[in-house]
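What follows is a short report on a single structure.
The values are calculated or read from the model by the stated rules, or taken from the named source; none is laboratory data. As the structure is a prediction and not an experimental result, all values here were calculated from the model. Here the Cβ positions follow ideal geometry from the backbone for every residue, glycine too, while neighbour counts run over all protein chains shown. Note: areas computed on protein heavy atoms with side chains; ligands, DNA, RNA excluded. Shrake-Rupley method; radii C 1.70, N 1.55, O 1.52, S 1.80 Å.
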Amino acid sequence: MKLSLKKIVALSLMLAMLALTVIACSGGTPAAAGSTDLLANVIAKGKLVAAIEVGSEPFTFADPATGEYIGFNIDIMNGFCESIGVKLELAPMEFSELFEAVNNGKADMASANISRTAKRSATVLFTEPVTHSNGIAMVLKSSGLTSIDELNDPSRTVCGPSGGVYVEIARELWPNAKVEEIGSSADAIAALQAGRVDAYLTDTNTSSVMMKDDDTLTILPEPLSVDTVAFGLKMDLGSYTLRDAFNNYLKIIKMDGTYSDICEKWYGAPWTPFMGEYGA
């Protein structure tokens with residue numbers, strides 16, 4: 001494959017930035033036993049353990065043909081690990097277990113759709129935004145619902161991913177409704193179809209995939225939130241090295257077109273930066 005001059009320059013810059021990060025943060029030597037430098041430790045052991053939440057197409061889900069985990073988040077992490085010369089090891093778990101996994105050392109990074117909120121920033125170190133989306137309420141077309149305001153009723157039940165931010169949003173928006181946590185998108189669709197819940201709260205990227213093969217679903221027109229999604233690391237000074245290396249990688253793939261290609265592959269449309277957004 002022939003690389004354009006733009007891509008050659010961008011890739012060279014990426015390697016230089018990552019090398020400087022490694023040298024500056026690890027002193028240019030392999031990590032000593034018990035070192036708190038997360039990037040140096042990852043490089044020394046030759047692998048990065050990523051805690052993932054599965055079952056959230058198009059971000060992370062099992063390929064029906066092979067059983068291997070694929071998706072937007074997996075492509076991002078595979079590219080990052082390749083750029084720093086380590087293997088990617090996946091640790092699937094429930095969303096509610098992600099922060100505990102990075103803070104107790106079971107995983108190096110939580111690579112899932114984590115809404116970057118001020119409250120969560122007190123317990124987890126966030127990367128720059130990996131993607132953006134709007135929070136939405138998904139309902140059955142046959143429900144007759146036309147507005148999110150109709151959900152604030154004692155007769156209504158709404159659900160959101162277990163441990164996710166949408167459950168908190170629902171309790172604030174609809175204090176009169178019943179709010180439940182649910183394990184996966186598949187469980188949510190089953191609950192909607194069975195009439196156990198009236199709405200499932202998720203993001204625009206996930207909902208577009210869910211509705212692609214199910215014409216009984218629709219979304220209510222008003223967005224619940226503008227969601228900034230990032231990956232998370234242990235809240236520790238030693239985590240900044242790995243966080244900064246990942247942020248550098250993210251900037252480069254946004255400049256050289258790789259990020260846009262990944263977006264088009266999984267979202268069906270190329271990346272369109274927000275106004276003022278430059279590699280972040």
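Points worth noting:
- Principal-axis tilt of helix 72-84 within the chain, Cα atoms, nearest 10 degrees: 10
- Extension gain, ASN152 back to LYS119 (0.36 nm per residue minus Cα-Cα distance, nm): 9.4 nm
- Potential extension, THR36-SER143 segment - 0.36 nm per residue separation minus Cα distance: 33.2 nm
- Size descriptor, Kirkwood hydrodynamic radius, that averages inverse alpha-carbon separations across region 169-248, Å: 15.6
- Once C-alpha pairs closer than 8 Å and six or more residues apart are averaged by separation and normalised to the residue number of the chain, the relative contact order reads 25 percent.
- Euclidean distance of C-alpha centroids, region 122-149 and region 213-229, integer Å: 6
- Listed pairs LYS47/LYS212; LYS47/LYS251; LYS119/LYS178 exceeding 32 Å between Cα atoms: LYS47/LYS212
- Prolate/oblate/rounded label for region 34-158 (Cα gyration tensor, a/c 1.5): prolate
- Förster-model FRET efficiency, 25 Å R0, ALA65 and LYS178, C-beta, rounded to 0.05: 0.05
- MRE, 222 nm, helices only [DSSP H, n ≥ 4, -39500 (n - 2.57), over the chain, to nearest 500]: -11500 deg cm²/dmol
- Here the calculated FRET efficiency for GLU222 and GLU168, from their Cβ-Cβ distance with R0 = 22 Å, stands at 0.80, rounded to the nearest 0.05.
- For Kirkwood radius over Cα pairs in Å, the value computed from the atomic coordinates appears in the list [x] 19.1; [y] 20.0; [z] 24.8 under label [y].
- Per-residue extension of 0.36 nm, minus the Cα-Cα distance of ASN134 and ASP261, leaves a gain of 43.6 nm for this segment.
- Loop-resident trypsin sites (Lys or Arg not before Pro) (DSSP state other than H, G, I, E or B) in region 121-200 with no more than 15 further Cβ atoms inside 10 Å of their Cβ: ARG196.
- Measuring spread by the Cα atoms of region 221-270 yields a radius of gyration and Dmax of 14.6, 43 Å.
- GluC sites (Glu not before Pro), loop per DSSP, at most 16 other Cβ atoms within 10 Å - longest free stretch of the chain: 95-276
- Solvent-accessible area per residue, Å², over the chain with all protein chains present [probe radius 1.4 Å]: 48
- Zero-based 5 Å bins, Cα pair distances in region 123-212, whole percents: 3, 14, 25, 26, 19, 7, 5, 2, 0
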